[in-house]
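**Q** Let me begin by handing over the structure; questions about it come next.
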Amino acid sequence: MNGWISAGRAAAALLRGRVPGQLVIQLTDRCNARCPQCGMRVTEGFDRSRLSMDEVRRLIDAAAEKGVQALSFTGGEPMMLFDDLAVLIRYAGAAGIPYIRTGTNGYFFMNRHRPGFRSRIARIVETLADTPIRNFWISVDSAVPHVHEAMRGFPGLVEGIRASLPLFHDAGIYPSLNLGINRNISEATMAIGPTAGDADPAADLDAFYERFRTGFRDFYRFAVEMGFTIVNSCYPMSIDEGDADEGDLSAVYAASAVDPVIRFSGAEKVQLFRALFDAIPEFRSQLRIFSPRTSVYTLCRQYEAAAPAPYPCRGGVDFFFVNAADGNTYPCGYRGDENLGKFWDLDLADRRNGTACTACDWECFRDPSELFGPVLEGISHPASLVRRLRKDATWRALWREDLRYYRACGYFNGREAPDYDRMRHF
Ligand code: SF4
Ligand code: SF4
């Protein structure tokens, strides 16, 4: 029933020229990890914040009233506030928001051999299972366990995740493995070594492609072997404020950095997205891979400055970010110069013609923008969609296949087991 209601709401939004709304609430910017690619790592010296429960409840009420369909609680590390988080997930579900997500850096999976491990995980699983959480992500940066653990600063983490996944599955929660793409995703990519970031290793782009293709394959194999059933990839978010390539971005969401491990030149990004694009089909029958190939294809074309142009991001139009430090709304985590004030005061009708932006690769906003783009275009400018469909047969085939695949994956419902019978056709 809930699915029908949300499908109806989504259709109504699209008919009004809108994409079903998404709100990312940064509960806190506190974190206990040491990820080199992130400005919120525990070693960064800045005053940490969290949103109060009353403020988040008010945000959720406003989101429900404005028809927001997808709500993400992010951090920092949101699980550091686990008891509050569970209350808020229940509150959002009761408010009628169907797609609720949160995730973790996995710190509580450490110390698998110490007393209390199993009961700690069981408590987390039971509590989450008693909420309407739809997707729970566990972020992992490398298929090489000791590398991932060193990047996080959490020894023994990978074995703890592996031992815990069956407990989640038994409770009807299928966590998603979230890869933050970086230069350390596997032994193959680590062999490339960090570059200065602005040098294009043009002589060796083919080798770069091969290594990343192997790297993505390694990562997907690692996901299967660990017991994950859903995988997502977060595209690299290196924001050099004032960098001409990235427009005038100013990150309010500090999950970005300029560390070489996360920096890629434009020419490297072309190869990176090509490698991901080519690796995905090899694993679509074994894993529910969220990354739509349409989106990866257009991102690749964007960095090649070739058609088709991606659809503009819905950040600041239908998708928004609420910052833990000031409780204010921004078009996304990376347009920190555009403070839109309190979300409950925001008139979404005024945002209908927001800036058409493609300034970064934030997958949370870019992927759904790309998937919903043709639907919106078909409603508002059908002739232009027909032209696009005719012009680029590759894009047309990809979009159709993504939609079929998403259906076969049950739209990535993390509360349902995968249907491998349907997925085997991919
Ligand atoms: S990437 Fe996530 S886990 Fe790592 S330091 Fe940043 S907020 Fe923490
Ligand atoms: S592309 Fe989207 S997420 Fe990136 S800066 Fe623009 S509005 Fe923000």
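The values are calculated or read from the model by the stated rules, or taken from the named source; none is laboratory data. This one's a predicted model, so the numbers in the text were calculated from it and none came from an experiment. Neighbour counts are summed over all protein chains in view; Cβ atoms, including those assigned to glycine, are modelled from backbone coordinates with ideal geometry. For the accessible areas, the whole protein counts, side chains as well, though only heavy atoms, and no ligand, DNA or RNA atoms are used. Shrake-Rupley method; radii C 1.70, N 1.55, O 1.52, S 1.80 Å.
**Q** For Asn32 and Asp337, calculate 0.36 nm times their separation in residues minus their Cα-Cα distance, and state this gained length in nm to one decimal.
**A** Computed gain between Asn32 and Asp337 is 107.1 nm.
**Q** If you don't mind, there's one more thing I want to ask. Counting only heavy atoms of the protein chains, get the accessible area per residue of the chain (1.4 Å probe) and round it to a whole Å² value. Let's see the in-between values first.
**A** Details: 17130 Å² over 426 residues.
Dividing the accessible area of the chain by its residue count gives 40 Å².
**Q** Let me ask you something else. Taking the Cβ-Cβ separation of Glu187 and Tyr420 as r and a Förster radius of 30 Å, what is the calculated FRET efficiency to the nearest 0.05?
**A** 0.55
**Q** Next up: In terms of Cα to Cα distance under 14 Å, which aspartates and glutamates are near enough to Lys66, apart from those fewer than 8 places away along the same chain?
**A** Asp318, Asp345, Asp347, Asp350
**Q** Quick one: if you stick a label point 7 Å off each Cα along the C-beta vector at Asp204 and Leu167, how many nm between them?
**A** Calculated label separation equals 4.3 nm.
**Q** Next up: At what distance in angstrom do the alpha carbon centres of segment 104-169 and segment 1-74 lie from each other?
**A** Centre-to-centre (Cα) distance: 22 Å.
**Q** A follow-up question, please. Starting from the Kirkwood radius over alpha-carbon pairs of segment 327-415, derive D by Stokes-Einstein at 10 °C in a medium of 1.306 mPa s and give it in µm² s⁻¹.
**A** Values: Rh = 15.8 Å.
For the chosen part, D equals 101 µm²/s.
**Q** OK, next. Ordered by packing density, taken as the mean number of other Cβ atoms within 10 Å over each peptide's residues, highest first, how do 335-348, 82-95 rank? List each step's numbers first, then the result.
**A** Values: 335-348: 15.6, 82-95: 18.4.
Top to bottom by mean Cβ count within 10 Å: 82-95, 335-348.
**Q** Something else now. So, with a 1.4 angstrom probe, what is the percent of accessible area on the chain that is carbon and sulfur? Can you show the working numbers first?
**A** Numbers: 8780 of 17130 Å².
Accessible surface attributable to carbon and sulfur in the chain totals 51 percent.
**Q** Tell me, in nm to one decimal, what length is gained between Glu304 and Asn328 on full extension, where the rule is 0.36 nm per residue of separation less the Cα-Cα distance?
**A** Values: separation 24, 0.36 × 24 = 8.64 nm, distance 3.53 nm.
Stretched out fully, the Glu304 to Asn328 stretch lengthens by 5.1 nm.
**Q** On full extension of the chain, what length is gained from Asp83 through Tyr406, given 0.36 nm per residue of separation minus the C-alpha to C-alpha distance?
**A** Values: separation 323, 0.36 × 323 = 116.28 nm, distance 3.23 nm.
Taking Asp83 through Tyr406 to full extension adds about 113.1 nm, to one decimal.
**Q** Just want to confirm a number: the relative contact order over segment 87-169, from Cα pairs under 8 angstrom separated by 6+ residues, in percent. Walk me through the intermediate numbers first.
**A** Details: 88 pairs, mean separation 34.1, N = 83.
Across segment 87-169, relative contact order equals 41 percent.
**Q** Under the Kirkwood approximation applied to all pairs of distinct alpha-carbon atoms, what is the hydrodynamic radius of segment 2-423 in Å?
**A** On the way: mean 1/r = 0.0459 Å⁻¹.
That comes to 21.8 Å for segment 2-423.
**Q** Can you pull the three principal axis extents for the Cα set of segment 84-227, in Å, largest first?
**A** 55, 38, 24
**Q** Per residue of the chain, what 222 nm ellipticity follows from adding -39500 (n - 2.57) for every DSSP H run with n ≥ 4, rounded to the nearest 500?
**A** Numbers: 14 runs with 179 residues, N = 426.
Mean residue ellipticity at 222 nm (helix-derived): -13500 deg cm²/dmol.
**Q** Same structure, new question: How high is the relative contact order of the chain, given as a whole-number percent (alpha carbon pairs under 8 Å, six or more residues apart)?
**A** That works out to 18 percent.
**Q** For segment 10-70, state which GluC sites (Glu not before Pro) are in a DSSP loop and have at most 16 other beta carbons lying within 10 Å of their beta carbon. Before the final figure, lay out the partial values.
**A** Values: sites: Glu44, Glu55, Glu65; in loops: Glu44.
In loop regions of segment 10-70 (DSSP not H, G, I, E or B), the sparsely surrounded GluC sites (Glu not before Pro) are Glu44.
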